[in-house]
Amino acid sequence: MIKNKKLSQKGTKHCHDSLNSKRDLGIGLLFRNFAAILMKTIKEIYRLLTEPKRVVIVMHQKPDADAMGSSLGLYHFLTQFGHTVSVISPTNWAEWLKWMNGAENMLDYEYNPEKANAVMEDAEWLFCLDFNAFHRTRQMAPKLKELKCIKILIDHHQQPASEFFDYGISDTSKSSTSEMVYDLILDTGHHDKLNLPIAECLYAGVITDTGSFRFQSATASVHRMAADLKDQGIDHTKIYENLFDNFLENRLRFTGYVLQSRMEIFYEYNTALISVPWKDLVKYQIKTGDTEGLVNYPLSIQGIKLSALIIDRDEEIKCSFRSKGEFDVNTFARNYFEGGGHFNAAGGRSSDSLDQTIQRFIKAIKENASQLQ
Ligand code: 5GP
Ligand code: MN
């Protein structure tokens, strides 16, 4: 249980992870040690599972396959107990995620805030999946904070803002939130409720967050889970195609263009940077989700340890960071770009211009030169 609201009053003030960074270096470690206790405490709600409730599940803005897959997996699980469950995304989601079972019932907060607010105000349980701090839900954040219902966190990002949650599981060793939902289903003793829609949603989440099972986080347990999901009847080839062979021509041409024209390599710092001005997004008609995965390409170059993608999205500058080996992009994103995430994959933002952000990035890699050797 993370009912330590009094322990961390300071926490209520921060809106971005970076403000929290130095203090969290210690707390993050401590928090991991509490994982077992957290697991134990969430067990307290298991006995309430069979009492129908009004439940809302929320994910982070511009959800990826893990945010959506874990949320919809949990949705299909909870509805079997007679709960009334609504799934809300803070923003719209990529076209190529719309095949997921249940996506058609999801609410887009940006599109219909009145309806989403009404559903949240009426909720008894609020599950927050695949994010660690409310600001990851953009305009929904003030609403989520003020809700008086029971708030439950299920997430695998580092340094969660645990003071806002009543119950929770935060486990940074987990490959994906989808794996955590799978563990939860097993832990409640309801493996019998693991049906095909759940299996498809969770498989989609785990395949994307593990880079198709290639990252270290794809443990033996993850492979056992994949086997179990396969036993539920999933067509893994179809799911892969839905996720990775389901784009329009413009996306591939855009990818080719930016790799050719917008990528800079700083060999001295083993770093690559792709920076994309707003006009490129307009020219190639880039939509939500179309830039996902782009940041990974430069890591295929020999010796590159850090890859960054800085995109001018007009409303803000969005940054993505990926690393190989020992360079900690979670800390890097927190220290320089108001963000965070995982050790080898993190994100952030900037309110400067694109050019200023690029200059700040170059300064930042110079300051981190020794860690990038
Ligand atoms: P992406 O680069 O794909 O947006 O994000 C990479 C990872 O970092 C994802 O797991 C994402 O959820 C996380 N992430 C992205 N932006 C932020 C941020 O501002 N704060 C935190 N804590 N995590 C982020
Ligand atoms: Mn995730």
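The values are calculated or read from the model by the stated rules, or taken from the named source; none is laboratory data. What you see is a predicted model, and the numbers here were worked out from it, not measured in a lab. Positions of Cβ are backbone-derived with ideal geometry, glycine not excepted, and every protein chain shown enters the neighbour counts.
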Residue count, the range 349-366, condition over 16 Å from residue 327 (Cα atoms) and either basic (Lys, Arg) or part of a strand (DSSP E or B) (or both), comes to 4
Listed by first then second residue, the pairs whose first member lies in the range 94-110 and is under 13 Å from residue 62 (Cβ atoms), whose partner is of a type in the set (Val, Ile, Thr) and modelled with pLDDT of 95 or more, with beta carbons under 6 Å and at least 6 positions apart or on separate chains, are 109/88; 110/91
- Item | residue 145 away from ligand 1 (no atom under 16 Å from the Cβ) and within 17 Å of residue 41 (Cα to Cα) | no
Among the residues in the range 136-149, are any crowded, with 21+ Cβ neighbours inside 10 Å, out of contact with any strand residue (DSSP E or B) (no Cβ under 8 Å at 6 or more places or on another chain) and not in a loop (DSSP other than H, G, I, E, B)?
yes
Within the range 50-64, residues being touching a residue at least 12 places away in the same chain (Cβ under 8 Å), more than 16 Å from ligand 1 (Cβ to nearest atom) and not in a strand (DSSP E or B) number 3
In the set 204, 218, the lone residue that is modelled with pLDDT of 95 or more and buried (at least 24 other Cβ atoms within 10 Å of the Cβ) is 204
Among residues of the range 236-274 being in contact (Cβ under 8 Å) with a residue 60 or more places away in the chain and in a strand (DSSP E or B), the residue nearest to residue 329 (Cα to Cα) is 271
Picking from 354, 299, the residue that is touching a residue at least 40 places away in the same chain (Cβ under 8 Å) and hydrophobic (A, V, I, L, M, F, W, C) would be 354
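Residues of the range 125-159 being of a type in the set (Asp, Glu) and within 17 Å of residue 67 (Cα to Cα), which ones? Spell out how you get there, then give the answer.
Start the filter on the range 125-159 by keeping residues that are of a type in the set (Asp, Glu), which leaves 130, 146, 155.
Passing the criteria: 130, 155.
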When (1) crowded, with 21+ Cβ neighbours inside 10 Å; (2) within 29 Å of residue 171 (Cβ to Cβ); (3) of a type in the set (A, V, I, L, M, F, W, C) are applied to residue 311, the one that fails is (2)
With the first residue restricted to the range 325-346 and required to be under 20 Å from residue 358 (Cβ atoms), and the second required to be among the charged types (D, E, K, R) and within 11 Å of ligand 1 (Cβ to nearest atom), Cβ contacts under 7 Å at 6 or more apart or on different chains are 329/322; 334/17; 337/349; 338/17; 338/349; 339/17; 339/349
Being part of a loop (DSSP other than H, G, I, E, B), within 13 Å of ligand 2 (Cβ to nearest atom) and assigned by TED's automatic domain parsing to the domain that holds residue 214 is the requirement here; does residue 174 meet it? yes
* To do: Might you let me know whether the range 215-223 holds any residue that is assigned by TED's automatic domain parsing to the domain that holds residue 69, within 30 Å of residue 367 (Cα to Cα) and not hydrophobic (A, V, I, L, M, F, W, C)?
  => yes
Checked the range 177-189 for anything within 15 Å of ligand 2 (Cβ to nearest atom) and without any contact (Cβ under 8 Å) to a residue 60 or more places away in the chain; matches are 179, 183
Sole miss for residue 212 among (1) free of Cβ contacts under 8 Å to residues at least 60 places away in the same chain; (2) away from ligand 2 (no atom under 16 Å from the Cβ); (3) outside any helix (DSSP H, G or I) is condition (2)
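Go through 292, 338, 316 for me and flag whichever is within 11 Å of ligand 1 (Cβ to nearest atom), surrounded by 15 or more Cβ atoms within 10 Å (Cβ to Cβ), within 26 Å of residue 95 (Cβ to Cβ) and of a type in the set (Asp, Glu). Break it down stepwise before answering.
Numbers: 338 fails: within 26 Å of residue 95 (Cβ to Cβ); 316 fails: surrounded by 15 or more Cβ atoms within 10 Å (Cβ to Cβ).
Unique residue meeting the criteria: 292.
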Only one of 82, 73, 168 is within 30 Å of residue 212 (Cα to Cα), among the small types (Gly, Ala, Ser) and not in a helix (DSSP H, G or I), namely 168
Taking the range 66-84 and keeping residues under 20 Å from residue 189 (Cβ atoms) and away from ligand 2 (no atom under 16 Å from the Cβ) leaves 75, 76, 77, 78, 79, 80, 81, 82, 83
